[in-house]
Amino acid sequence: NAGVTQTPKFQVLKTGQSMTLQCAQDMNHEYMSWYRQDPGMGLRLIHYSVGAGITDQGEVPNGYNVSRSTTEDFPLRLLSAAPSQTSVYFCASSRETNTDTQYFGPGTRLTVL
Amino acid sequence: AQSVAQPEDQVNVAEGNPLTVKCTYSVSGNPYLFWYVQYPNRGLQFLLKYITGDNLVKGSYGFEAEFNKSQTSFHLKKPSALVSDSALYFCSTGGSWGKFQFGAGTQVVVTP
């Protein structure tokens, strides 16, 4: 099993550009989520999905879109990048929501100039 | 609303000494609590969790955590710290419909 994979590892964008961060898991997990990690703020939930076709907003959803067309994939779209979106982004998956261990991808380091 | 707090930004400990990383929680209903570790430039890795049962939970790499309902705490412990334990540690609570909450993280520095 590859676990949770994320691409790209690094990305530099200019303000106003759009891009998609890819996330895939091969564990047949129903639950997937996107977090951003900023110094001193821990991980903050952006969007999550409890199954294919079902997504919902987390704590900091503004400026980001998601979709879940398959169990395996959960891409995160930045519609119009802003410097405030400079962060490290992590995708995670788990079998269930409240009680199950989350498996994290290696992260994408995004810089918006 | 579910939340966790990690009161210490950094914990410094000498190798071989006991290590404690503190976490307190505020949860409505049954608390589901997790500890994760993050090494530099890596994703988070699961250490242990409390769902129900024994208050002392044993996890990976010799770590354990004690669930204390009266003090609403879930402190992470290791009897004898190693230099390789230097990392960023996160406490987390499992929320309804997948809304996990994470603490701000505690940097552990173990000196030889």
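Can you work out which of the residues in region B:53-78 that are at negative phi and outside any strand (DSSP E or B) is surrounded by the fewest Cβ atoms within 10 Å (Cβ to Cβ)?
Ranking the candidates gives B:Ser70 first.
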Out of (1) without any contact (Cβ under 8 Å) to a residue 24 or more places away in the chain; (2) closer than 22 Å to B:Phe46 by Cβ, the odd one out for A:Gly53 is which? (2)
Give me the residue from region B:79-106 that is under 11 Å from the mean Cα position of the chain (by Cα) and assigned to a strand (DSSP E or B) and, out of that set, nearest to the other protein chains (Cβ to nearest Cβ). B:Phe102
Cβ-Cβ under 8 Å pairs, at least 6 apart or on other chains, region A:63-92 side more than 24 Å from A:Lys14 (Cβ to Cβ), far side of a type in the set (D, E, K, R) and not in a strand (DSSP E or B): A:Thr71/A:Glu30; A:Glu72/A:Asp26; A:Phe74/A:Arg68
For region A:39-113, which strands (runs of 3 or more DSSP E) that fit wholly inside it have 3 or more residues that are of a type outside the set (Lys, Arg), out of contact with any Leu (no Cβ under 6 Å at 6 or more places or on another chain) and modelled with pLDDT of 95 or more? A:87-94
Take the conditions more than 21 Å from B:Ser92 (Cβ to Cβ), modelled with pLDDT of 95 or more, open to solvent by 70 Å² or more (accessible area, probe 1.4 Å) and in a strand (DSSP E or B) and apply them to A:Gln11. Does it pass? no
Look at B:Gly105 and say whether it is on the phi > 0 side of the Ramachandran plot and open to solvent by less than 20 Å² (accessible area, probe 1.4 Å). yes
Here are some residues: A:Leu110, A:Leu76. Which one is in contact with a helix residue (DSSP H, G or I) (Cβ under 7 Å, 6 or more places away or on another chain), within 24 Å of B:Asn41 (Cβ to Cβ) and open to solvent by less than 10 Å² (accessible area, probe 1.4 Å)? A:Leu110
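Quick grid of which residues meet (1) under 20 Å from B:Gln2 (Cα atoms); (2) among the acidic types (Asp, Glu):
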position: A:Thr5; (1), (2): no, no
position: A:Glu30; (1), (2): no, yes
position: A:Arg36; (1), (2): yes, no
position: A:Ser67; (1), (2): no, no
position: A:Thr71; (1), (2): no, no
position: A:Leu78; (1), (2): no, no
Looking at (1) under 11 Å from the mean Cα position of the chain (by Cα); (2) within 9 Å of chain A (Cβ to nearest Cβ), which is the only condition B:Cys23 fails? (2)
In region A:27-38, which residue that is at the interface with chain B (Cβ under 9 Å from one of its Cβ atoms) and under 17 Å from B:Arg42 (Cβ atoms) is least open to solvent (accessible area, probe 1.4 Å)? A:Tyr35
Say we look at region A:45-66 and pick out the residues that are more than 9 Å from chain B (Cβ to nearest Cβ) and open to solvent by less than 40 Å² (accessible area, probe 1.4 Å); which of these is farthest from A:Gly3 (Cα to Cα)? A:Gly63
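The values are calculated or read from the model by the stated rules, or taken from the named source; none is laboratory data. Model, not experiment: these values are computed from the prediction. Note: ideal-geometry Cβ built from the backbone for every residue, glycine included; neighbour counts use all protein chains shown. Ligands, DNA and RNA are stripped out before the accessible areas are found, and what is left, the full protein with its side chains, is counted by its heavy atoms. Shrake-Rupley method; radii C 1.70, N 1.55, O 1.52, S 1.80 Å.
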